Amino acid sequence: MQRAKKTGVKRGRPVRAPEAALEMREHLLDRAEALFSRHGYHGVTIREVARSANVDPALVHYYFETKQGLFDAVFVRRADVVNDERIRSMEAYGLAAGEHITIEGCIEAFLEPIVRRSMQGDPGWKDYFRLVALVNNTSQWGGEMMTRFFDPVIRRLVDLLRKCMPGAEEADLFWCYHFLSGALTLSLSETGRIDRLSGGLCASSDTQAIYRRMVPFIAAGFRRICLPDTEVEQRRANSHASTPGR
């Protein structure tokens, strides 16, 4: 009979040493994240997570109690990190830009932490961004979950953009963010669709190419929808006149 491969992870009772317990918890979150990002909430069971982590299902229940508890823990773990990074990025940009704030600068500050994490190639972050895209497109409960974890960051972006476009209608600002959110989460999913559609000219994994095009594309949309026609040319001229360092 073939022996099971040693993985360094114990299948038995919960570990008691704090550092070992934290390591076990992170291990379970990593395995759950990978499965949820591919199959969604309803496509994964506690037993499958346990099998992937090489532990007993009871151990998963010990750390997270329920599948919902596990899913929430997976979601919040990286949300806290990227939310903090985006808030600090936008605050730093707002202070540096002062009255020379631009739509492009706001969007760059909002996107930069996400793009940087994606470009680092960490499989965990890749899985997490795919999971966020999946949740963002789940009609039954995705909206509630995105609201719970991301609304403060989004409202900070809208506040920043409002300084660029003080005459913008509130509804227009939120509609434009809605379009930004869709473009961003589709791009982070790296589905390979554009690879096939373009016959290999484009690659969904080319984060630099996406970022280079997404910022001006989204900025043009905000500008066209949110600014009165008489302000568009003036704002465009101001954005090209000088871009302060961040």
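The values are calculated or read from the model by the stated rules, or taken from the named source; none is laboratory data. Keep in mind that this is a model prediction, so the values were computed, not measured. Note that we place each Cβ from the backbone using ideal geometry, even for glycine, and neighbour counts take in every protein chain shown. Heavy atoms of the whole protein, side chains included, go into the accessibility calculation; ligands, DNA and RNA do not. Shrake-Rupley method; radii C 1.70, N 1.55, O 1.52, S 1.80 Å.
Some notes on this structure:
- Any hit, the stretch 167-184, residues being more than 28 Å from ALA96 (Cα to Cα) and in contact (Cβ under 8 Å) with a residue 60 or more places away in the chain: no
- Entirely in the stretch 40-106, the helices (runs of 4 or more DSSP H) that have 2 or more residues that are within 20 Å of SER118 (Cβ to Cβ): 67-97
- Test: residue in the stretch 205-222 that is closer than 16 Å to CYS106 by Cα, modelled with pLDDT of 95 or more, in contact with a helix residue (DSSP H, G or I) (Cβ under 8 Å, 6 or more places away or on another chain) and basic (Lys, Arg): no
- Answer residue from the stretch 190-222, given it is open to solvent by less than 40 Å² (accessible area, probe 1.4 Å) and closer than 27 Å to ASP159 by Cα and is nearest to the chain's Cα centre (by Cα) among those: THR207
- Yes/no for CYS176 being in a helix (DSSP H, G or I), touching a helix residue (DSSP H, G or I) at 6+ places or on another chain (Cβ under 6 Å) and surrounded by 13 or more Cβ atoms within 10 Å (Cβ to Cβ): yes
- In this entry, VAL158 passes the filter for residues that are β-branched (Val, Ile, Thr) and more than 26 Å from GLY121 (Cα to Cα).
- Count of residues meeting criterion [surrounded by fewer than 20 Cβ atoms within 10 Å (Cβ to Cβ) and aliphatic (A, V, I, L, M)] in the stretch 116-145: 3
- Filtered residues of the stretch 225-235 (kept if open to solvent by 30 Å² or more (accessible area, probe 1.4 Å) and either modelled with pLDDT under 95 or of a type in the set (Gly, Ala, Ser) (or both)): PRO228, ASP229, THR230, GLU231, GLU233, GLN234, ARG235
- Yes/no for ALA97 being touching a Gly at 6+ places or on another chain (Cβ under 6 Å), farther than 24 Å from MET146 by Cβ and in contact (Cβ under 8 Å) with a residue 24 or more places away in the chain: yes
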